[in-house]
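The structure under discussion appears below in the form of structure tokens.
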Amino acid sequence: MREFTYKARNHQGEMVTGTVEAETESSASTLLTSKKLFPVAIKESSSSSLGSFSFLKKISRRDKVFFVRQLATMTGAGLPIAQALATLLEQTSRQNVKKMIEQMTRDIEAGGNLSTAFGGFPETFNKTDVNMIASGEASGKIDEVLLHMADQNEKNYQTIKKIRTVFIYPAILATVVVVIVTGLLIFVLPQMEGLYKGFGVQLPLPTRILIGFSHFMGRYFLLVILALVAIFVATRIYIRTNETGKYIWHRFKLSIPIVNKFVSLSYLSIITRTLASLVSSGVPILDSLQIVSEAMSNVIYRDSMAAVRDKVKQGNSLSSALKEDRVFPVLISQMIAVGEQTGELDSMLSNMAEYYDNELDSMTKNLQSLLEPVIIVVMGGIVGTIIICILLPVYSLQNFVVH
């Protein structure tokens, strides 16, 4: 978020000045207009030179879940939005959360609504959140919508935690093994090589290959590390900034055996839960599909949801549009068809979200059980092979001494 100073006229024609936080000058103008202020001049404040570092202001998922849940509880108890925000401001100790609440309070006191205040923090609240709040304001059910939103964000947070949990342990094991192998190659093997040379014995081929690799690592270790970091950074940039790169990477993840099912379950869980929340909040189905499509981080699912929306816009039912897309399993189209026939689409979507959550839980446990022994065997095999290569010359020396 960046800070802009502005001059604007209010509805009485008086000139007023102040500051506003927004992503761009255009969004700052839109925000002022929503507050019944008509901008005359908008200029980026010099104090926002660090504004591009939005990650410094971004609220963590955990803090976001807590904030929305508390706000939902207070509004459900009958507190006005401004008073609920003031109470939350007193309770929180995190500076970035305090600044966010202070800005929201200023926006609302200036005549804005809660959805506009949420929209001022796009790095924390996405389009799904903002549209849900807007629908709640339009229907007069802001407390119910906030509860829906809190539940959805909490479940999405749990889903992401499950995904991370699966890969944390293998990543730690892989890091430990890489450190051990590097230490053996750079520090242990050169000393053993000096010992072997003293006996003038022809070393076994595996040992000679390993010694050659050790020499290479000892000489070019820093260069190898820098090259790997450069490749990693370049690949990340390519994937994040290039649509072709994103498509290749996301398609690759969906082609890995076992992992593809895990990734699919996580996205299906998020899609059905988000759709359920939007539909139950009164957002039109076309708008809901558009929001879900834009919220997808995987371009395969993003494009599929966009294609589904286009088919629904042409007059097809949601179930038939999903059935024609190979990304979505047959079960989801069948269940949604039942929801459309009974008029309980939001309820059926919620049930589907619970089903995929349970499937994801089961898959997470199974994947952890499978990955742990596989990683241990593979890493143990690598370390064991290196140790065997180091010890092979010992047998040659023993034969040499005997003869």
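Just so it is clear, none of the values below were taken in a lab; they were calculated from the coordinates. Remember, it's a predicted structure, so these values are computed and weren't measured experimentally. Reconstructed Cβ throughout: ideal geometry from the backbone, glycine too, with neighbour counts over all protein chains shown.
If you fit an axis through the alpha-carbon atoms of helix 142-183 and take the longest principal axis of the Cα set of the chain, what angle between them do you get, 0 to 90°, nearest 10?
Computed tilt is about 10 degrees.
Please compute the contact order of segment 285-371 in relative form: average sequence separation of alpha-carbon pairs under 8 Å and at least six residues apart, divided by the residue count, as a percent.
15
Looking at (1) 21.4; (2) 25.7; (3) 23.5, which value of Kirkwood radius over Cα pairs in Å comes from a calculation on the structure shown?
Among (1) 21.4; (2) 25.7; (3) 23.5, the one derived from this structure is (2).
How far, in degrees from 0 to 90, does helix 299-313 lean away from the longest principal axis of the Cα atoms of the chain, to the nearest 10?
Once rounded, the angle reads 30 degrees.
Roughly what would the spin-label model give for Ile382 and Ile231, points 7 Å off Cα along C-beta, in nm?
It works out to 1.3 nm between the two label points.
Can you work out the Karplus-derived ³J(HN,Hα) for every residue in segment 223-236? Use 6.51 cos²θ - 1.76 cosθ + 1.60 with θ = phi - 60°, whole Hz, and x for glycine or proline.
5, 5, 4, 4, 5, 5, 5, 5, 5, 4, 5, 4, 5, 4
Angle between the Cα long axis of helix 95-109 and the longest principal axis of the chain, 0 to 90 degrees, nearest 10?
Approximately 20 degrees, to the nearest ten.
Once you've got the GNM for the chain with C-alpha springs shorter than 10 Å, pick whichever of Gly212, Gly112, Gly245 has the biggest mean-square fluctuation.
Maximum fluctuation in the GNM of the chain, among the listed residues, is at Gly212.
Would you kindly state how much longer the chain becomes between Glu294 and Lys7 on full extension, computed as 0.36 nm times their sequence separation minus their alpha carbon distance, in nm to one decimal?
Residue separation times 0.36 nm, minus the Cα-Cα distance, leaves 100.0 nm.
Given that compact globular proteins tend to follow 2.2 N^0.38 Å, what is the ratio of the alpha-carbon Rg of segment 142-270 to that value?
1.68
Using a ≥ b ≥ c from the Cα gyration tensor of segment 205-314 (square roots of the eigenvalues), is it rounded, prolate or oblate, where a/c under 1.5 gives rounded and otherwise the larger of a/b and b/c decides, a/b for prolate?
prolate
Restricting to DSSP H runs of at least four residues, report the calculated mean residue ellipticity at 222 nm for the chain, -39500 (n - 2.57) per run over all residues, nearest 500 deg cm²/dmol.
After summing the helix terms and dividing by the residues of the chain, the value is -25000 deg cm²/dmol.
Of Leu345, Ile209, Ile133, which is farthest towards the positive pole of the chain's charge dipole, taken about the Cα centre with +1 and -1 on the beta-carbons of Lys, Arg and Asp, Glu respectively?
Working it through, the farthest residue towards the positive pole turns out to be Ile209.
Hey, what do the phi angles of segment 342-353 turn into as Karplus ³J(HN,Hα) couplings, whole Hz, using 6.51/-1.76/1.60 and θ = phi - 60°, x for Gly and Pro?
Here the 3J(HN,Hα) series is 8, x, 10, 4, 5, 5, 5, 5, 5, 5, 5, 4 Hz.
Using a Gaussian network model of the chain with C-alpha springs under 10 Å, which one of Gln341, Gln158, Gln12 is most mobile by mean-square fluctuation?
The residue that fluctuates most here is Gln12.
Find the relative contact order for the chain and round it to a whole percent, using C-alpha pairs within less than 8 Å whose residues are 6+ positions apart.
14
Can you work out the Karplus-derived ³J(HN,Hα) for every residue in segment 277-293? Use 6.51 cos²θ - 1.76 cosθ + 1.60 with θ = phi - 60°, whole Hz, and x for glycine or proline.
5, 5, 5, 5, 7, x, 6, x, 4, 5, 5, 4, 5, 5, 5, 4, 4
Near the amide H of Arg9, under 5 Å away, which other amide H atoms are found, from residues 5 or more places off or on another chain, if H is placed in the peptide plane?
Close amide H contacts, sequence-distant or interchain: Val16, Phe38, Val40.
Under the classification rounded if a/c is under 1.5, otherwise prolate if a/b is larger than b/c and oblate if not, where does segment 59-155 fall, given a ≥ b ≥ c as square roots of the Cα gyration tensor eigenvalues?
Because its axes are fairly even, with a/c under 1.5, segment 59-155 counts as rounded.
Please build a GNM for the chain, connecting alpha carbons under 10 Å apart, and tell me which residue among Tyr267, Tyr196, Tyr247 fluctuates the most.
Maximum among the listed residues: Tyr196.
Calculate the spin-label point distance for Val259 paired with Lys365, positioning each point 7 Å from the Cα along the beta-carbon direction, and give it in nanometres.
2.4
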